[in-house]
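Laboratory data are not the source of any read-out in this text; all were calculated from the coordinates shown. Not measured: the values here are computed from a predicted model. Please note: Cβ atoms are built from the backbone with ideal geometry, for glycine as well, and neighbour counts cover all protein chains shown.
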Amino acid sequence: MNALISVSDKTGILEFAQALHALGIRLLSTGGTAKLLADAGLPVTEVADHTGFPEMLDGRVKTLHPKVHGGLLARRDVPAHMAALKEHGIDTIDLLVVNLYPFEATVAKPGCTLEDAIENIDIGGPAMVRSAAKNWKDVGVLTDASQYPQALAELKADGKLSEKTKFAFSVAAFNRISQYDGAISDYLSGIQEDGAHALFPAQSNGRFVKLQDLRYGENPHQQAAFYRDLYPAPGSLVTAKQLQGKELSYNNIADADAAWECVKSFDTPACVIVKHANPCGVATGKDALESYSKAFKTDPTSAFGGIIAFNRPLDRAAAEAVSKQFVEVLMAPGYSAEALEVFKSKVNVRILEIALPPGGQTDWDNGRNAVDVKRIGSGLLMQTADNRELAIGELKVVSKKQPTPQQLQDLLFAWKVAKFVKSNAIVFCADGMTMGVGAGQMSRLDSARIASIKAQHAKLSLAGTAVASDAFFPFRDGLDVVVDAGATSVIQPGGSMRDQEVIDAADERGVVMVLSGVRHFRH
């Protein structure tokens, strides 16, 4: 058996090659890989010696040769193929071990030039991989170090790879080539005439890996699956580890993402409860228990069967409080052993643990999407993600009445929550807690009224609350509704033709009005 090894990432390759040699497999290799193996005392044949043709053009041409591709592509069950190999003195290559030039890593580096990118486009590697993967019944093709243990185990046990394994490796190989070519296409088609790189390339190539098939989609008659980015960001939902509970559903995942993205936006201990993609309760507190207790008070009815996310590890006290309600999914960066013990009897509760990003609690930005995508008929809408944060210094007070420090904090809290509520969004808040949430209405007036009604049902007083509106008030009537409900301060983007009318109304009603200059539509 002959094995050709040519890898850019040499992780584990020496040990793998040593094991192959111990099994009596002849080693062929190229360039730096051949030197690594030879320096370790392994008998290795350079590809140039194997083909009788030297590497040339600074290594650009070394494996593009009939003795390589003939050995990979010849079907062992076709006599004419084998006769052709014999006639031209070509040996079969039975195992190909290749990983590609690091194109993705190269273009991800700041300051990467077009020349750097071009030089890291692998030609010979993908060509060999395609040849071997096409002829998978006769050739095993390994494109990732994670495959080495399985390959060795089968070679040691049976002297060959099973047909099932060779096919799986072939599929993985074609997937890798697709991902690689997609990355090259994205990068090159994003280069503009001035040499700058466009955020949205002329062709967009999705590269996603399936995590699981789902029982069904939004509704039982729809089929669904869950995918992640090829290179997922740390601290994102797709990195979650499920500790217990039933299989996640399509709606569970969609709502869990909404809750997780919202709770990540708070620096202090926070809890977010989501129902049907909207936060129905959000609060901060001194710990997980206090933040949950406050969030739950906002809308206990909607919280039933909700999705709950914490941005701090869960202890026993918080777990006992949460366990008193029906919860579909629970998420946190970690759980104490006592907290997990609380939920052992609630076997259906889906408990997810999402590790913090490398920078810890203050490094949530690493887990945010840079671009959002929405599918439409025969097309996509792409946009930069709404990751805009607002600082106190950016606020513009336009009312005669000036906000107190506490009002400013309440306004910023309300604004942060409103960003995650479906438009039209109206959010009442006080003391780090949502008091009423109105979401997804065609009229901003209706959202304001619904938020007030929900607060009444929860027996929460809106007197002295701060209100956030995700977009401007087109008329004063929306402002009057929230002030009538008890609000004493309001934050909104501004930008309406009738801004002055609304500002005058705020002064007339004796409330604080602050403009953010930022809109947060969420459809």
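Placing unit charges on C-beta atoms (Lys and Arg positive, Asp and Glu negative, everything else neutral), compute the dipole magnitude of the chain about its Cα centre in debye, rounded to 20. Let's see the in-between values first.
Values: 54 positive and 60 negative charges, 262 e Å.
Approximately 1260 debye in magnitude.
For the chain, what mean projected area does the convex hull of the alpha carbons give, in nm²?
Numbers: hull surface 124.0 nm².
Computed as one quarter of the Cα hull surface, the answer is 31.0 nm².
Where both partners of a DSSP beta bridge lie in the stretch 1-74, what percent of those bridges are antiparallel, to the nearest 5?
Once the DSSP bridges in the stretch 1-74 are tallied, antiparallel ones form about 10 percent.
Report the Cα centroid-to-centroid distance between the stretch 232-310 and the stretch 155-192 in angstrom, as an integer.
37
Looking at the stretch 2-188, what % of its DSSP beta bridges pair antiparallel, to the nearest 5?
Beta bridges within the stretch 2-188, antiparallel portion: roughly 5 percent.
Counting Lys and Arg as +1 and Asp and Glu as -1, each charge on the Cβ, what is the dipole of the stretch 1-124 about the Cα centre in debye, to the nearest 20?
For the stretch 1-124, the charge dipole is close to 360 debye.
Provide the gained length on full extension for the span F208 to I453, in nm with one decimal, where the gain is 0.36 nm per separating residue minus the Cα-Cα distance.
Values: separation 245, 0.36 × 245 = 88.20 nm, distance 4.26 nm.
Full extension from F208 to I453 adds 83.9 nm.
By DSSP, what percent of the beta bridges with both residues in the chain are antiparallel, rounded to the nearest 5?
Values: 38 of 69 bridges.
Roughly 55 percent of the DSSP beta bridges within the chain come out antiparallel.
Residue-wise, which Karplus ³J(HN,Hα) couplings in Hz belong to the stretch 226-235, taking 6.51 cos²θ - 1.76 cosθ + 1.60, θ = phi - 60°, and x for glycine or proline?
Each residue's phi maps through the Karplus curve to give 10, 10, 10, 4, 4, 10, x, 6, x, x Hz.
For a quick size check, give me the Cα extents of the stretch 233-376 along its three principal axes, largest first, whole Å.
Answer, in whole Å and largest first: 38, 34, 28 Å.
Straight-line reach only, C-alpha to C-alpha below 12 angstrom: list the aspartates and glutamates that K346 could link to, leaving out same-chain residues fewer than 8 apart.
Within the straight-line limit of under 12 Å, K346 reaches these aspartates and glutamates: E320, E328.
Which order do the peptides 373-380, 301-308 come out in when sorted by mean C-beta neighbours inside 10 angstrom, highest first?
301-308, 373-380
Contour minus end-to-end for R228 and H88, with contour as 0.36 nm per residue of separation and end-to-end as the Cα-Cα distance?
45.7 nm
What residues qualify as long-range amide H neighbours of V61, i.e. H under 5 Å apart, gap of 5 or more or another chain, H built at 1.01 Å from N?
M56
Taking H placed 1.01 Å from N in the peptide plane, check which residues at least 5 places from F472 or on another chain put their amide H under 5 Å from its amide H.
Amide H to amide H, under 5 Å and 5 or more residues apart or across chains, F472 pairs with G494.
Ranking request for peptides 425-433, 43-51: highest mean number of other beta-carbon atoms within 10 Å first, then the rest in descending order.
Ranking the peptides 425-433, 43-51 by packing returns 425-433, 43-51.
Using 0.36 nm per residue of separation minus the Cα-Cα distance, give me the extension gain between V371 and Q242 in nm, one decimal.
43.8 nm
What is the local net charge at V98, summed over the other residues whose Cβ is closer than 11 Å to its Cβ (Lys, Arg +1; Asp, Glu -1)?
-1
Sorting check: for 386-398, 405-417, which peptide has the highest mean count of neighbouring beta carbons within 10 Å, and how do the rest follow?
By packing density, highest mean first, the sequence is 405-417, 386-398.
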